[in-house]
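Encoded as structure tokens, the structure appears first; notes follow it.
The values are calculated or read from the model by the stated rules, or taken from the named source; none is laboratory data. Everything numeric in this text was worked out from a predicted model, so none of it was measured. Glycine gets a Cβ as well: all are built from the backbone with ideal geometry, and neighbour counts include every protein chain shown. Side chains included, ligands, DNA and RNA excluded: accessible areas come from the protein's heavy atoms. Shrake-Rupley method; radii C 1.70, N 1.55, O 1.52, S 1.80 Å.
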Amino acid sequence: MAEKVRVAVVGLGFGGEFVPIYKAYHNSECVAVCRRNEKLLNEFADSQGIEKRYTDYDELLKDDEIDAVHITTDLRSHKDFVVKALKAGKHVASTVPMGMTVEECEEICRLEKETGKVYMLMETSVYTREFLYFKKMYENGEVGRLQFLRGSHQQNMGLPGWPSYWYGMPPMHYPTHAIAPLSEILQNPIKTVRCIGSGTIRDEYAKQYNSPFAAESVQLTFADSDVAGEVTRTLFDTIRQYRESFDFYGSKKSFEWEQCVGEGPVVYTGFEDAEHVTVPDTDDMLAPEIAKFTLKEQIIDESHVSFIQGSGHGGSHPHMVQEFISAIQEGRPAHVNSTVAANWNVAGILAHESAMKGGEIITMPEFTQF
């Protein structure tokens, strides 16, 4: 393999955010981009100075000068794109979700092991500045013993403009932003799920997936832990400001996500003490050349503040790139490898199944271990 990992980014909507990071990072280069719309493909590639351009994903996979692909296509296609890439001998990073069924997730687990290639689910929630802030508190012993965990992902997608496949999607079929932080902080996989559905979405939405619920709330248990968790997801006909959050409760300190955007999260200490805190950026955890991509904003001069392309999702993007490329170069599984990703993703799939069965407890399957 070349000294730098040569990456192709597939899908240039959200995916375009990662191209500047791969270009800047000293251990990688973005050598190709792929998009079906040739006009938009060329406009983007011209702006980034990228010569190799593909409208056909299968043709891209034949290119021996590409070591890895980063997939940001529509969520229903992730499994097929990942499977093709692994079979073609490419390392793969994929945006969420991992797959739409238990069987899709199992197939990716099997192929990562068989091919020896790196698969990484690019789950933003475990690399945000908020999560890394709490993780440091916890590892330093400030939190004490974890006692209870809560996550939520609430989004009102009822407005026109979303791709048609979104409308009526069961809330827990897009679960990992809310589930992943809970499993990650414990460093334990999810063991059982029990979910209830609540409310009703409009008929034209419900009929697409035969799923009536406006909200789904799942109780989670974790392997080798007496700590439990709860996760709530809403997508349609439920009004709330956008929220991807976690609340972690410990014996010494607890952390709650901000109630409204801009307020700042709250850290609780002692019995009654509480304070809003300012969560710092995490640029000190990154290679210098990509540190800027975790910053909330960049002051150009005293009168102008701009946001840096690639700095979205709580500053998580450069952390994910650094981990993906490092795993490839070090010949090891990525931190969020297929086994970890499948546990988080399938927990949501089975949670919806539990809700449709009136809250039945379902035991998680065990996925292939490395």
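Here is how the numbers come out for the structure above:
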read-out: Subset of the stretch 171-195 that is of a type in the set (A, V, I, L, M) and touching a strand residue (DSSP E or B) at 6+ places or on another chain (Cβ under 6 Å) - its residue that is surrounded by the most Cβ atoms within 10 Å (Cβ to Cβ); value: MET172
read-out: Members of the stretch 152-181 found to be of a type in the set (Ser, Thr, Tyr), part of a loop (DSSP other than H, G, I, E, B) and closer than 20 Å to SER94 by Cβ, listed by number; value: TYR174
read-out: Filter result (touching a strand residue (DSSP E or B) at 6+ places or on another chain (Cβ under 9 Å), open to solvent by 10 Å² or more (accessible area, probe 1.4 Å), among the β-branched types (Val, Ile, Thr) and in a helix (DSSP H, G or I)) within the stretch 310-366; value: ILE328, VAL340
read-out: Filter pass, GLY270 being under 24 Å from the mean Cα position of the chain (by Cα) and modelled with pLDDT under 95; value: no
read-out: Matching entry among VAL92, VAL83 (being under 30 Å from GLN329 (Cα atoms), in a strand (DSSP E or B) and without any contact (Cβ under 8 Å) to a residue 40 or more places away in the chain); value: VAL92
read-out: Given (1) assigned to a strand (DSSP E or B); (2) open to solvent by 20 Å² or more (accessible area, probe 1.4 Å); (3) small (Gly, Ala, Ser), number of the condition SER47 does not satisfy; value: (1)
read-out: Among residues of the stretch 183-209, those that are under 19 Å from LEU121 (Cβ atoms) and in contact with a helix residue (DSSP H, G or I) (Cβ under 9 Å, 6 or more places away or on another chain), counted; value: 6
read-out: Residue that is nearest to the chain's Cα centre (by Cα), among those in the stretch 9-28 that are more than 15 Å from MET122 (Cα to Cα) and among the aliphatic types (A, V, I, L, M); value: LEU12
read-out: Complete set of residues in the stretch 76-94 that are among the aliphatic types (A, V, I, L, M) and either open to solvent by 10 Å² or more (accessible area, probe 1.4 Å) or over 17 Å from the mean Cα position of the chain (by Cα) (or both); value: VAL83, ALA85, LEU86, ALA88
read-out: Selected residue [more than 23 Å from MET122 (Cα to Cα) and open to solvent by 10 Å² or more (accessible area, probe 1.4 Å)] from GLY168, GLY158; value: GLY158
read-out: Positions within the stretch 255-293 being among the aromatic types (Phe, Trp, Tyr) and free of Cβ contacts under 8 Å to residues at least 12 places away in the same chain, in sequence order; value: PHE271
read-out: Members of the stretch 131-151 that are outside any helix (DSSP H, G or I), in contact with a strand residue (DSSP E or B) (Cβ under 6 Å, 6 or more places away or on another chain) and farther than 20 Å from LEU220 by Cα; value: GLU142, VAL143, GLY144
read-out: Close pairs (7 angstrom Cβ cut-off, 6 or more residues apart or separate chains): more than 10 Å from THR72 (Cβ to Cβ) and in a loop (DSSP other than H, G, I, E, B) in the stretch 1-22, open to solvent by 10 Å² or more (accessible area, probe 1.4 Å) and of a type outside the set (D, E, K, R) anywhere; value: LYS4/ASN27
read-out: Enumeration of residues in the stretch 52-65 that are acidic (Asp, Glu) and either in contact with a strand residue (DSSP E or B) (Cβ under 8 Å, 6 or more places away or on another chain) or surrounded by 10 or more Cβ atoms within 10 Å (Cβ to Cβ) (or both); value: ASP56, GLU59, ASP63, GLU65
read-out: Residue match in the stretch 279-288 (condition: in a loop (DSSP other than H, G, I, E, B), more than 30 Å from ARG6 (Cα to Cα), at pLDDT 95 or above and β-branched (Val, Ile, Thr)); value: yes
read-out: Of all residues in the stretch 219-237 being among the aliphatic types (A, V, I, L, M) and in a strand (DSSP E or B), the one that is nearest to PRO175 (Cα to Cα); value: VAL231
read-out: Some residue of the stretch 141-148 being more than 22 Å from GLU323 (Cα to Cα) and surrounded by 17 or more Cβ atoms within 10 Å (Cβ to Cβ); value: yes
read-out: Verdict on MET120 being crowded, with 16+ Cβ neighbours inside 10 Å, in contact with a helix residue (DSSP H, G or I) (Cβ under 7 Å, 6 or more places away or on another chain) and among the aliphatic types (A, V, I, L, M); value: yes
read-out: Verdict on LYS117 being part of a loop (DSSP other than H, G, I, E, B) and either of a type in the set (D, E, K, R) or at pLDDT below 95 (or both); value: yes
read-out: The stretch 231-258: number of residues that are within 22 Å of the chain's Cα centre (by Cα) and exposed (fewer than 13 other Cβ atoms within 10 Å of the Cβ); value: 3
